Structure formats: C-alpha cells, structure tokens
C-alpha cells in the first residue's frame, strides 16, 4: 500500500508571489501544445500549416479552455449552487474546471481561428488533436499533486491512501488518466497523424480514444460527492464521455466514406 506524499500545493514562492502546481501544470500544458504544434507544422508540410499559426491557435485555445472549462463545471456539475451564488462563477482560484466544458470551449474557439486563417474547421481540429493529450496529462498530474479527484476504495497492490481524505486504500485514478488520456492517447494520435489521413479521421480518433479511456477510468474514480452516481449507475464523467465516443464513431465512418467517394 502506498501513501500519497501530500505535496505542498505551492510550487514556487518568491516573497508574496506564489505559483501553485496546478497553475504550473496549465502553463506546461499550453507550452507543450505550442512546441508540438510548431514541430508538427515543420515536419508535415502537407498540412499547409505555418509554424507561426500556433501562436494565435494557442491564444484562441487557451480562452476556450478556461471559459469553457469553468462554464462547463458550473452547468454540468453544480448549476443549482452557482445559480444561488453567481459571483462565485468567477472565483477560478477556488477550483472547479470541467474537461468536457473546456473541450466544447476549444471547439468553438477553433471555429473563429479557422476563419482567421481561412482553413476548414475540421482540418484545423485534425491538426490540433494530437497536440492535446500531453497537456491533459499535465493537468492530471496537477490533480495528483493536489491530492484531488482520488479514486474509489480498492485492495489492488498499488492502492494509495490519501490522508487528507481518509485512511482507506484507493485507486490513484489521477495517474490512470495521466497514463491513458495523456501518454497512451498522445502516442496513438501522433503515430496515426504522422502521414496524410482523410479529413476528420484524426479528430474522430481523439473523440473515440479520450471518450473510451475516460469512460473506463471513471469506474475507478470516486464520483463527486455532491452528485454521486447517476442513471444506470454511471458517473457524470461517463455520461459526458458517451456522446464523444458516438460522435467519434460517426465521424470516422463519415470521413472514410467521403474519402472513398472522392477516390
């Protein structure tokens, strides 16, 4: 049995200035997207993507992540509470971000970015999708460092006790998500997108991959105490991941059919 190290949430403190690990993980995530995007643009000229596009793409994407992530948490997880405390919607320092909300925010932001560079939106998403998983992994590492979003009780040999919660051995579900949604999904998408593919297939693979990994990990993750398990004994994360998987499957078949018709 392992014990969570209970890291200091502050990574760097210089006088009155404190930089928290979670904020640092967001910075690492954004910088990894920027670096990988510029590298991909140089290595894959068939994409017609200039490295300098990434500066604006990151700006649009960051706005989508922050606004969408926060509003998604408000609407998907605690709408009644924030309806009663509307000013707390802006209290980002208190935590509360939703991946699925951030994902929708990025989708919308990329609509405006695609118009700016005069490229098809789906083609832009195909380029961006492989850049995202490592950033997601950094976010899950931040969750682990903070000792939040812990797993359900278990007796597996690698079970971990989170002393700030209780003394019950639990799944380190944050690390499962880091490995699957971060590292494994990155390897799959980076390999698959390393040569020309029909438009929409890379985006479809992201939707299917992330949705499936998140759905599976949710079986080991403790549900939010203010929600618990919902219909069919599934968590909110699972219900939000199902549409991703279904849309991904539909998009994959549609993209392959269109490519076959055009051949």
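The numbers here are math on the coordinates, done by the rules we state, and not lab data. Keep in mind that this is a model prediction, so the values were computed, not measured. Backbone-built Cβ (ideal geometry, glycine too); neighbour counts: all protein chains shown.
Annotations
- Residues residue 27 and residue 219, FRET efficiency given R0 of 25 Å [Cβ-Cβ distance, rounded to 0.05]: 0.20
- Between residue 19 and residue 152, full extension at 0.36 nm per residue minus the direct alpha carbon distance yields a gain of 44.9 nm.
- At an R0 of 25 angstrom, the distance between the Cβ atoms of residue 184 and residue 253 translates into a FRET efficiency of 0.60.
- The distance linking segment 1-48 with segment 113-171 is 12 Å (Cα centroid to Cα centroid, whole angstrom).
- Relative contact order [Cα under 8 Å, 6+ residues apart], the chain, whole percent: 20 percent
- The chain: calculated mean residue ellipticity at 222 nm from DSSP helix runs of at least 4, using -39500 (n - 2.57): -19000 deg cm²/dmol
- GNM top mover of 78, 47, 164 - the chain, alpha-carbon springs below 10 Å: 164
- Extension reserve of the residue 232-residue 1 stretch, reckoned as 0.36 nm per residue once the Cα distance is removed: 80.0 nm
- Most fluctuating residue given options 221, 195, 42, as computed from a GNM of the chain linking Cα atoms under 10 Å: 195
- Residues listed by number, segment 180-218, amide nitrogen under 15 Å from residue 261 label point at 7 Å toward C-beta: 199-200
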